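S.K.: Structure below; questions to follow.
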């Protein structure tokens, strides 16, 4: 219960913001944009109604002076223009907008911005404008000029009655008379001009009600400041280990198996997995190999492990060395050359700057791992399984039945999962609710078996009756046929071998059922340079399409070969990934993905793909073939919980499910694994961040 109380308090007591969204999602008045751009990282989602338009929108200040937004607008009274679209319902349009902040507000000068609306695709609502806004006490005045749909001069006032309540007046310069099929939708009945609104803001939640002539509109929105490093305090995070230290010398410690067994079990009780320890008597170094599947910051996990090693290791240890792994592959090697100084640091008696000369971190080498192959401390494994747990998962707060082992094996059942599909001709939105069971077995030495089975609970994707009109191989557009197949089916079953052949080089080979639609075999290799903000990987997979029932295979097979170059600008949390090669429908081309990580850990991004697989069928055309594109958000679940977790939830939206520029679900993307664990895409953290937490 306290988890939900914390979230409610977070929403209610967030600081008041000065700007507000317009009905398009851009910062503005009611329908008109103003001269302001919200603070860096402000992400808004909302729904607005301005007859005959209902818009579902999202906007974000992607950079300090740049705001981008997207909206999905339903136009009442306009239906499909052909038999193929007869079941689609009201016409829907996608639009993308952008605003650039040219001049920041000062004591004398206003805030000035230029912007564009609906600059891609069908461009039913195109506009370009310039606007200026000036705050005068509790009053904010705006004047602007637009072209195309925003026709001429506009302006307005926003008055802050209290911190929560605001009054708005606006002169609406939209040219409703020339809107797309305006006579059928009723848009031509609107004349624009003056309209008035009342706003209320409660922390992250905001609402606006407006009136123009006899028309009443509204705008409801949810605002998330992604630039904030934390949202909810980790009040339920276990405290670091503070047990009484062992007094035995290295010789006594090695001679009595109780000591190393107690060390390993203490680490395991605190969530560490795949723990191995050894002693180098000559240098009096205590070495440990381990990983922690829950803690986000590697430095924090290493710090917590070091506390246990100091307390449960030999009293005369001089040096600690910790090899941190991921999927049993060495990532980083930490060395602390003064154990006494490290104890003082954890006790708060020594500063980080004073400790710094005695510690180092580097990319792990294969030789670091080989030391443990002939470890001189043998600990009998504890075969007692962990308890089966049912309730809300600590990892992502979802309802789950699960059991974990003391290595990386686990099974889990999530009774409720949701999949969505947009913009099929038979309807703009379809859903798929299903139960999912997953199983992972760790064979050791980087060999894993991952499997999952799903049972459909409720869905309407199979209601799609139109056959795919794609002239390419139907690598994705037969999704409805897969949903009409068996209600219970194997989702994936893969044997994967991970390896670390050289420093900063990682490989994976996988074979089995990749996903609901494909099986096969293939591999990936990743290189991360020692110096430089880039990385490169290559993935090659032979794939065969599964049948709709999930029990066999269809005739279609292909080989995908994709090379990727990832370039990072950590100071801005920016990653640009360029992927080129052969895609799933045997089309060749390039995909460019832009992603930004904010201080909160949220990641927002978009991709655009151009290939030689000209998709000229609707929504494409011979003059304008369709290209795969979309936007996504990756949410750190720890930002919504009172306990740290590495889990993330990812939502990706593409305007259409098509066959061009498609890829298969990766069995385990190496770049994503390394980037997330080492936080390569931000300079907010170092390898020692969180060491004392």
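The values are calculated or read from the model by the stated rules, or taken from the named source; none is laboratory data. Owing to the predicted nature of the structure, the values given are computational and were not obtained by experimental measurement. Virtual Cβ from ideal backbone geometry, glycine too; neighbours counted across all protein chains shown.
S.K.: I'm trying to understand the selection: among the residues of region 517-540, which are assigned to a loop (DSSP other than H, G, I, E, B) and surrounded by 20 or more Cβ atoms within 10 Å (Cβ to Cβ)?
M.R.: 517, 528
S.K.: May I pose another question? Could we say that residue 230 is farther than 30 Å from residue 166 by Cα and outside the structural domain of residue 284 (by TED's automatic domain parsing) here?
M.R.: no
S.K.: For the structure I just gave you, tell me whether residue 483 is touching a strand residue (DSSP E or B) at 6+ places or on another chain (Cβ under 8 Å), surrounded by fewer than 20 Cβ atoms within 10 Å (Cβ to Cβ) and assigned by TED's automatic domain parsing to the domain that holds residue 421.
M.R.: no
S.K.: Given the conditions (1) touching a helix residue (DSSP H, G or I) at 6+ places or on another chain (Cβ under 6 Å); (2) within 19 Å of residue 361 (Cα to Cα), which single one is not true for residue 266?
M.R.: Among (1) touching a helix residue (DSSP H, G or I) at 6+ places or on another chain (Cβ under 6 Å); (2) within 19 Å of residue 361 (Cα to Cα), the lone unmet condition for residue 266 is (2).
S.K.: Which ones in region 57-67 are more than 16 Å from residue 117 (Cβ to Cβ) and surrounded by fewer than 19 Cβ atoms within 10 Å (Cβ to Cβ)?
M.R.: 63, 64, 65
S.K.: Let me ask you something else. Determine whether residue 143 is out of contact with any helix residue (DSSP H, G or I) (no Cβ under 6 Å at 6 or more places or on another chain), at pLDDT below 95, in a strand (DSSP E or B) and under 28 Å from residue 63 (Cα atoms).
M.R.: Considered against the rule, which asks whether it is out of contact with any helix residue (DSSP H, G or I) (no Cβ under 6 Å at 6 or more places or on another chain), at pLDDT below 95, in a strand (DSSP E or B) and under 28 Å from residue 63 (Cα atoms), residue 143 comes out as no.
S.K.: Further question on the same structure: Does at least one position in region 677-686 carry a residue that is surrounded by 17 or more Cβ atoms within 10 Å (Cβ to Cβ), over 25 Å from residue 529 (Cα atoms) and modelled with pLDDT of 85 or more?
M.R.: Checked against the condition, which is being surrounded by 17 or more Cβ atoms within 10 Å (Cβ to Cβ), over 25 Å from residue 529 (Cα atoms) and modelled with pLDDT of 85 or more, region 677-686 yields no hits at all.
S.K.: Still on this model: Residue check: is residue 649 surrounded by fewer than 16 Cβ atoms within 10 Å (Cβ to Cβ), touching a residue at least 24 places away in the same chain (Cβ under 8 Å) and within 12 Å of the chain's Cα centre (by Cα)?
M.R.: yes
S.K.: Still on this structure, I have one more. When the residues of region 196-227 are filtered to those that are outside any loop (DSSP other than H, G, I, E, B) and in contact with a helix residue (DSSP H, G or I) (Cβ under 7 Å, 6 or more places away or on another chain), which remaining residue is nearest to residue 167 (Cα to Cα)?
M.R.: Selected residue: 202.
S.K.: Collect the residues in region 169-195 that are assigned to a strand (DSSP E or B) and closer than 12 Å to residue 212 by Cα, keeping them in residue-number order.
M.R.: 169, 170, 171, 172, 193, 194, 195
S.K.: Suppose we keep only residues that are within 16 Å of residue 279 (Cα to Cα) and outside any helix (DSSP H, G or I) within region 341-377. Which one would you say is modelled with the highest pLDDT?
M.R.: Only one residue fits best here, namely 377.
S.K.: For region 549-618, please list each of the strands (runs of 3 or more DSSP E) lying entirely inside it that holds at least 1 residues being under 30 Å from residue 488 (Cβ atoms).
M.R.: Passing ranges, in order: 553-569.
S.K.: Still on this structure: Would you be able to tell me the number of residues in region 295-340 that are over 27 Å from residue 505 (Cβ atoms), assigned to a loop (DSSP other than H, G, I, E, B) and touching a residue at least 60 places away in the same chain (Cβ under 8 Å)?
M.R.: Residues that pass the stated criteria total 5.
S.K.: Out of 245, 225, 240, I need the residue that is buried (at least 18 other Cβ atoms within 10 Å of the Cβ) and modelled with pLDDT of 90 or more. Which one?
M.R.: Going through 245, 225, 240 in turn, the sole match is 225.
S.K.: Taking region 444-479, which residues are surrounded by fewer than 16 Cβ atoms within 10 Å (Cβ to Cβ), at pLDDT below 95 and assigned to a strand (DSSP E or B)?
M.R.: Hits for region 444-479 are 444, 455, 457, 458.
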